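A quick write-up on the structure given underneath.
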Amino acid sequence: LPVLTLSYSDLITDRGFKYVFQTAATAGSQAKQALPQIIKLAETASGKRPKTVAILTDNTGASIASAKAMREGLLAENQLQLIVDETFTPPLADATSLVQKVRSAKPDLLFFLPTVISDAKLLLEKMNEFGLGQGKVPTISFGIAIAEPDMLQTVSPELLQGVLTCVASWGAKGHEALIAELKTRYKEPWMTQNAISTYGDMWVIKDALEKAGKADRVAVGEALRTMDGGPSKYYPLGEIKFDEKGRRVGAGMTIVQWQSGVPVTVFPPELALAQPFWPKS
């Protein structure tokens with residue numbers, strides 16, 4: 001049965017499945033694409049290149065894949081030194097010891113990888129309590145958990161201000177009419193990755209069905225494998241084309257930043273709805 005997924009874990013398409021198609025860039029790929037951009041953003045905004053980083057991550061698949069890529073070469077390639085590296089199992093009962101280690105080490109960047117909203121809330125509140133919140137340490141996440149609308153039901157906009165997250169896709173330039181419809185028709189405050197990617201997936205399935213000419217699993221799977229649709233409208237960069245593993249060819253990513261209570265696309269420039277800013281200590 002052909003399956004399209006917006007999930008990030010590299011393991012999804014590393015096991016030889018022939019009917020799984022990953023429209024999102026993998027976690028490892030996103031980390032590789034994001035790091036140079038984050039460093040450039042830091043240098044442009046602060047005039048100083050970051051040198052040290054901390055990682056706080058849970059042990060879920062996508063988070064582990066992102067952290068693994070950074071630990072196993074990406075940080076070194078970008079001249080970044082890892083000075084705090086902590087992994088926890090959700091849900092967290094207490095974030096004190098984790099945040100204490102970050103405060104003591106004083107990293108230039110914090111890679112912040114919880115996937116459960118309650119964990120993100122606990123960590124952000126503890127960071128604020130310890131004087132690290134609201135931009136004292138530039139905080140970069142991976143994945144959509146930190147930018148879900150539900151965050152505002154539990155975390156104040158002030159604690160989220162300036163937090164960046166790297167995601168496979170998000171509502172961006174060119175999606176304005178679709179975003180407006182989502183707001184009026186479904187009362188959603190913004191277009192998350194889940195909404196825009198799934199919407200795009202429906203168009204991909206439609207195209208595959210029409211190419212196959214019948215609702216047959218094998219034929220639709222083959223249509224997906226041989227698809228060559230050129231640039232994507234609903235995913236950042238790349239093509240509607242899948243490699244031998246089932247990964248979308250040239251899949252890009254977006255960087256989203258919390259600004260005045262809304263997570264908005266700030267990268268890549270051609271899709272940005274706002275200019276990014278770097279939190280000031």
remark   = The number of residues in the stretch 202-214 that are closer than 11 Å to Tyr234 by Cα and free of Cβ contacts under 8 Å to residues at least 60 places away in the same chain is 2
ask   = Taking only pairs six or more apart or across chains, which ones have beta-carbon atoms under 6 Å, a first residue in the stretch 224-245 that is surrounded by fewer than 16 Cβ atoms within 10 Å (Cβ to Cβ), and a second residue that is part of a loop (DSSP other than H, G, I, E, B)?
value = Asp228/Lys241; Gly229/Ile240; Asp243/Val249
ask   = Which residues, taken from the stretch 132-159, are at pLDDT 90 or above, in contact with a Ser or Thr (Cβ under 7 Å, 6 or more places away or on another chain) and in a loop (DSSP other than H, G, I, E, B)?
value = Glu148
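Yes or no: Gly221 free of Cβ contacts under 8 Å to residues at least 12 places away in the same chain, of a type in the set (Gly, Ala, Ser) and under 19 Å from Thr23 (Cα atoms)?
no
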key: Criterion (over 30 Å from Val249 (Cβ atoms), assigned by TED's automatic domain parsing to the domain that holds Thr154 and of a type in the set (D, E, K, R)) met by exactly one of Glu72, Glu43   = Glu43
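Any residue at all in the stretch 9-20 that's part of a helix (DSSP H, G or I) and touching a residue at least 60 places away in the same chain (Cβ under 8 Å)? Step through it out loud before you land on a result.
Taking the stretch 9-20 as the starting set, the residues that turn out to be part of a helix (DSSP H, G or I) are 10-13.
Subset that is touching a residue at least 60 places away in the same chain (Cβ under 8 Å): 13.
Scanning the stretch 9-20, I find at least one residue that is part of a helix (DSSP H, G or I) and touching a residue at least 60 places away in the same chain (Cβ under 8 Å), so the answer is yes.
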query = Out of the stretch 60-77, which residues are in contact with a Ser or Thr (Cβ under 6 Å, 6 or more places away or on another chain), within 13 Å of Pro90 (Cβ to Cβ) and buried (at least 17 other Cβ atoms within 10 Å of the Cβ)?
reply = Thr60, Ala62, Ser63
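Considering only residues that are part of a loop (DSSP other than H, G, I, E, B) and free of Cβ contacts under 8 Å to residues at least 60 places away in the same chain, look in the stretch 160-201 and name the one that is nearest to Asn128 (Cα to Cα). Working first, answer last.
First, the residues of the stretch 160-201 that are part of a loop (DSSP other than H, G, I, E, B): 161-163, 168-175, 187-192.
Now narrow it down to the ones that are free of Cβ contacts under 8 Å to residues at least 60 places away in the same chain: 175, 187-188, 191-192.
On the way: His175: 35, Lys187: 31, Glu188: 28, Met191: 28, Thr192: 26 Å.
Among them, the one singled out is Thr192.
The values are calculated or read from the model by the stated rules, or taken from the named source; none is laboratory data. The structure displayed is predicted, hence computed values, not measured ones. Cβ atoms come from the backbone with ideal geometry, glycine included; neighbour counts cover every protein chain shown.
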